[in-house]
Amino acid sequence: MNNWFEVKVKYEKIDERGAAKKVTEPYVLDAMTFTEAEARAIQELHPYLNGEFIISNIARANYSELFPFDDGDRWFKCKIAYVSIDEEKGTEKRKATYVLVQANDVKHAWENLTKSMESYMGDYEVNSIQETAIMDVFPYSADNIASAPTAASPAIGEKVEVAEETEVETEDETAPEEEEAIEETNNEEEKED
């Protein structure tokens, strides 16, 4: 099961006239915790955003499914009600859920949602489709797991700076010259005793 988080990122964007303007843009990504959501947002967005940016807000998103389509450039939030029948009472029950669908407009979102729901065997109703301000969605992939950051993330609102990786030498990786010097020191100490 996916844990979707909506992350708001604040940064300076250059508009068509060349003027700098502060903007806040929402992104959706899959993560296990708030800390991981923040770290993944930094990792995913750093290559695309020039200069400094701030993670201004992180909140859980209540999306049960995500339906991406390559031919869409916007994200639409769709409210779906799954219909089931309570056989004891003889009444219909509806369970509402939200899904994200990628499309160009509302009609296209409806078509993409219908295509995605073809494999669903039960009855459902589409209650609403509305365009969101979401800029992009980053689901989990095998690449995300392999390249997950290990350092602590900055706090919400803290400016992000990327540091270079450094290699740390462990005790097991002692150079041969160092081993000889240590051995000589130990031999001299034994002679003095």
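Within region 1-56, report the chymotrypsin sites (Phe, Trp or Tyr not before Pro) that DSSP leaves as loop and that have at most 13 other Cβ atoms within 10 Å. Walk me through the numbers before you get to the answer.
Working: sites: Trp4, Phe5, Tyr11, Tyr27, Phe34, Tyr48, Phe53; in loops: Tyr48.
Sites meeting the loop and neighbour criteria: Tyr48.
Among the GluC sites (Glu not before Pro) in region 74-115, those located in a DSSP loop and surrounded by at most 11 other Cβ atoms within 10 Å of their own Cβ are Glu87, Glu88. Checking the cross-link filter: which lysines have an alpha carbon closer than 18 Å to that of Lys8, excluding same-chain neighbours under 8 positions apart? Excluding near neighbours in sequence, the set is Lys21, Lys22, Lys77, Lys159. Along region 79-93 the Karplus relation, 6.51 cos²θ - 1.76 cosθ + 1.60 evaluated at θ = phi - 60°, assigns HN-Hα couplings of 9, 10, 10, 7, 9, 9, 10, 7, 5, 5, 8, x, 10, 8, 10 Hz to successive residues, with x for each Gly and Pro.
Database remark: amide H of Tyr124 closer than 5 angstrom to the amide H of Val83 (H placed geometrically; neighbours at sequence offset of 5 or more, or on other chains; Pro and chain starts carry no H). Mind checking the full-extension length gain between Lys93 and Asp136? Use 0.36 nm per residue of separation minus the Cα-Cα distance, one decimal, nm. Residue separation times 0.36 nm, minus the Cα-Cα distance, leaves 12.1 nm. Ordering of 113-124, 14-25 by packing is 113-124, 14-25, highest average first (other Cβ atoms within 10 Å, averaged per residue). The separation of region 117-134 from region 1-38, counted between C-alpha centres, amounts to 25 Å. So what's the net charge close to Val28: Lys and Arg +1, Asp and Glu -1, counting the other residues with Cβ under 12 Å from its Cβ? So the environment of Val28 carries a net charge of -1. Residues whose amide H falls under 5 Å from that of Tyr63, counting only those 5 or more places apart or on a different chain, are Trp4, with hydrogens built in the peptide plane. Binning the alpha carbon pair distances of region 56-150 at 10 angstrom intervals from zero yields the distribution 14, 39, 29, 14, 4, 0, expressed in whole percent.
Every number in this text was worked out from the coordinates using simple rules, so none of it is lab data. Everything numeric in this text was worked out from a predicted model, so none of it was measured. Virtual Cβ from ideal backbone geometry, glycine too; neighbours counted across all protein chains shown.
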